[in-house]
Amino acid sequence: QVQLAESGGGMVQAGGSLRLSCAASGRTSTNWAMAWFRQAPGEERDFVAAINMNHGGTYYTNSMKGRFIISADNTRNTMYLQMNSLQPEDTAVYYCAVGTNIPALFIAGDESEYDYWGQGTQVTVSS
C-alpha cells in the first residue's frame with residue numbers, strides 16, 4: 001500500500017506561481033515513477049508531468065516545458081511541481097499519481113501506468 005499526501009494548492013492571480021508537493025509513504029518498488037495529472041470541470045483528466053524516481057528522467061507535455069518544472073527528493077519520496085506564469089486555463093484539480101511497477105517502455109502520460117492516486121488538490125487561477 002502506498003499513501004500520498006498532496007499539498008500546495010490554492011488560489012492565485014494570473015501570472016502567479018504555486019508549488020505543489022506530493023509525499024509518498026509505504027511500499028514502493030525499485031522501478032517507480034510519480035506524476036501529476038489535472039482535471040478541469042467538464043474535462044478529461046490530462047497528463048501534466050512525470051518523473052522517473054529510479055533514474056530521474058522527466059516528462060512534460062510540450063506546452064508546459066519551461067513553465068512547469070517537476071522535481072523530486074528521493075530521500076523523502078517527495079515530488080514537486082513548480083508552476084509559474086499561471087493562467088486561468090490552469091485551473092483544475094491536480095492529482096498526484098504513483099506507478100510502482102512501470103515497464104521499461106514507460107509511457108508517462110498513460111493513466112494505466114499508475115496504480116495509486118492522491119485525493120487531488122485544487123488550483124484556481126483568477127484573471
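The values are calculated or read from the model by the stated rules, or taken from the named source; none is laboratory data. None of these values were measured; they are calculated from a predicted model. Because the Cβ atoms are built from the backbone with ideal geometry, glycine has one as well, and the counts that use them run over all protein chains shown. Ligands, DNA and RNA are excluded from the accessible area calculation, which covers all protein heavy atoms including side chains. Shrake-Rupley method; radii C 1.70, N 1.55, O 1.52, S 1.80 Å.
Any chance you could count how many residues in region 30-67 are of a type in the set (A, V, I, L, M, F, W, C), in contact with a Phe, Trp or Tyr (Cβ under 7 Å, 6 or more places away or on another chain) and closer than 20 Å to residue 10 by Cβ?
Of region 30-67, the ones of a type in the set (A, V, I, L, M, F, W, C) are 32-37, 40, 47-51, 53, 64.
Still in the list and also in contact with a Phe, Trp or Tyr (Cβ under 7 Å, 6 or more places away or on another chain): 33, 35-37, 47-50, 53.
Keeping just the survivors that are closer than 20 Å to residue 10 by Cβ gives 36-37, 48-49.
Result for region 30-67: 4.
Quick one: in region 55-105, which of the residues that are of a type in the set (Ser, Thr, Tyr) and either assigned to a loop (DSSP other than H, G, I, E, B) or modelled with pLDDT under 90 (or both) is most open to solvent (accessible area, probe 1.4 Å)?
63
With respect to residue 52, is the statement that it is of a type in the set (S, T, N, Q) and either within 19 Å of residue 17 (Cβ to Cβ) or open to solvent by 70 Å² or more (accessible area, probe 1.4 Å) (or both) true?
Considered against the rule, which asks whether it is of a type in the set (S, T, N, Q) and either within 19 Å of residue 17 (Cβ to Cβ) or open to solvent by 70 Å² or more (accessible area, probe 1.4 Å) (or both), residue 52 comes out as no.
Just checking, which of 92, 97 is farther than 20 Å from residue 56 by Cα and touching an Asp or Glu at 6+ places or on another chain (Cβ under 9 Å)?
92
What number of residues within region 88-111 are polar (S, T, N, Q) and closer than 19 Å to residue 43 by Cβ?
1
Could you check region 106-120 and list, in sequence order, the residues that are in a strand (DSSP E or B) and surrounded by fewer than 19 Cβ atoms within 10 Å (Cβ to Cβ)?
117, the sole residue that qualifies.
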